[in-house]
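Worksheet: the structure to be examined is printed underneath.
Quick note: the coordinates plus some simple rules give every number you see, no bench work behind them. These numbers come from a predicted model, not from an experiment. Counting neighbours? That spans all protein chains shown, and the Cβs are built from the backbone with ideal geometry, glycine included.
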Amino acid sequence: MSSEPVSGRAFLGTALHTPVRGQLELLRDVLIVVGDSGRIEAIHPRGSPEGESAAKRHAAAGTLARFGDGQYLLPGLIDLHVHAPQWPQLGLALDQPLEVWLQTFTFPLEARYADIGYAEAVYESLVGALLANGTTTALYYATIHLPATQKLADICLKRSQRALVGRVAMDHPDQCPAYYRDASAAIAQAETRALIAYVRSMPGNEGGLVRPVITPRFIPACSDDLLGRLGALAGEKGCYVQTHCSESDWEHDFVLDRCGVTDTAALESFGLLSRHTILAHGNFIGDDDIARIVRAGAGIAHCPLSNVYFSDAVFPLRRMLGHGVHVGLGTDIAGGASPSILDNARQAVIASRTLESGVDPLQGRQQRRRESSRIDALTAFWLATAAGGVALDLPIGIFRQGYEFDAILIDANTANGNLHLDPADAPEETLQKIVYNAARANIRTVWVGGRLVHTLG
Ligand SMILES: [Zn+2]
């Protein structure tokens, strides 16, 4: 017997992932070896001598997890757009137009995060709920409050959720109420700089599990001075950027009126469009904007549930993918009324089918349809995992040597689940059933960087 010391952990079972759009890979009875770093060190196929000896070593050391029938390892789900402070209003005021929803409901709620105790209670609840829904990576907007934003970063690190966290910057007196806005562009810039320093130096965050994000709320809420300062900071710090972009008729037209150009062109001119920029929504971006986004390598957070309520249109997903835009999925809590990326994957399919068939039966068939718009469940799953990882430029979303072991275990045998998997199902059928039917109660276990972060109670 080998006396080689055992480090890390190993996972023996069947895995499903989509490394490339449209390509499902079934890894049957593989052994995935994860190092102490949390990254995948090796994936041994069934029956390989190396795999068998590694499995024996890990079994003897008590570091082998073994999965059985009806259980599938999937990459963890990636949420590219979450407003953490809006968790308490999930499902409320969805009948309001965006600008009313913000001024009447959302800004008063976000102002409450001056109270650090309130922030802590909400953020603990949210991070726990997202992990239970299989979200292993989340891109968060917090509020304008630096201490509460730091608290969100603390909680993500403590609970080992991979997270990108932004302190919202918004200083424009015309669009931001006096009770909830940055007192000046200089203060917003200074506090954003302070958040970057804080997150990058958190003890225990040496591996970069939690990262800071420069977060101008959206152009209407920010002065040109602020946008310029944040763009300069993004260049100086090599930081992620997130903002909203061409979300609705009102928002898109507002920016055209004020800036004389689209959101995307304005963001580019302020230095806010880069490989590490994620634009939420992007429903109304045109061909020139697509070219700008592709040139920069920026990504789009497609939020199909939120779009139903606030965006006035269906996101032209296939068109974006066809141009090579990086796209992933976002819940847009609380614009979208579900914390589940699986729910949004389903809605992404539905939205694409709606765009393809059209919505108004009084229009003729050819007038109401937009050809070649549909996606399938496989593409939706790819968006929720691998594509989200590409958009973030992080080694997550697939099972591959050198990638983080961020994973969920789907289990068809749990109580209160919605899955009936048949051993005779083809791999594509298994994945379709998971995408369309899996409930939160089917997510038995969740790992981030090889660490257990949630298990079904
Ligand atoms: Zn949003």
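Structure summary
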item	result
Close pairs from the range 371-396: first buried (at least 22 other Cβ atoms within 10 Å of the Cβ), partner of a type in the set (D, E), Cβ under 6 Å, at least 6 apart	I396/E404; I396/D406
Residues within the range 329-342 that are part of a loop (DSSP other than H, G, I, E, B) and in contact with a strand residue (DSSP E or B) (Cβ under 7 Å, 6 or more places away or on another chain), tallied	5
Scope the range 96-111; condition surrounded by fewer than 17 Cβ atoms within 10 Å (Cβ to Cβ) and free of Cβ contacts under 8 Å to residues at least 12 places away in the same chain; matching residues	Q96, V100, T104
Qualifying position, being within 22 Å of the chain's Cα centre (by Cα) and of a type outside the set (V, I, T), among A426, A377, A415	A377
Residue match in the range 220-231 (condition: of a type in the set (A, V, I, L, M, F, W, C), within 21 Å of the chain's Cα centre (by Cα) and within 14 Å of the ligand (Cβ to nearest atom))	no
Pair list, Cβ under 6 Å, 6 or more apart: the range 322-348 residue under 18 Å from L392 (Cα atoms), other residue more than 13 Å from the ligand (Cβ to nearest atom) and of a type in the set (S, T, Y)	I341/T135
Within the range 311-323, considering residues that are closer than 19 Å to E99 by Cα and of a type in the set (G, A, S), the one nearest to the ligand (Cβ to nearest atom)	S311
Those residues of the range 228-264 which are crowded, with 23+ Cβ neighbours inside 10 Å, touching a residue at least 60 places away in the same chain (Cβ under 8 Å), of a type in the set (D, E, K, R) and in a helix (DSSP H, G or I), in sequence order	E251
Long-range neighbours under 9 Å by Cβ, at least six apart or interchain, first residue farther than 18 Å from F315 by Cβ within the range 266-293, second part of a loop (DSSP other than H, G, I, E, B) and charged (D, E, K, R)	R275/D393; H276/D393
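Results for (1) of a type outside the set (D, E, K, R); (2) within 15 Å of the ligand (Cβ to nearest atom); (3) not in a loop (DSSP other than H, G, I, E, B), shown as yes or no for each residue.
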site: A266; (1), (2), (3): yes, no, yes
site: R275; (1), (2), (3): no, no, no
site: I278; (1), (2), (3): yes, yes, yes
site: N283; (1), (2), (3): yes, yes, no
site: R295; (1), (2), (3): no, no, yes
site: Y309; (1), (2), (3): yes, yes, yes
site: V327; (1), (2), (3): yes, no, yes
site: N344; (1), (2), (3): yes, yes, yes
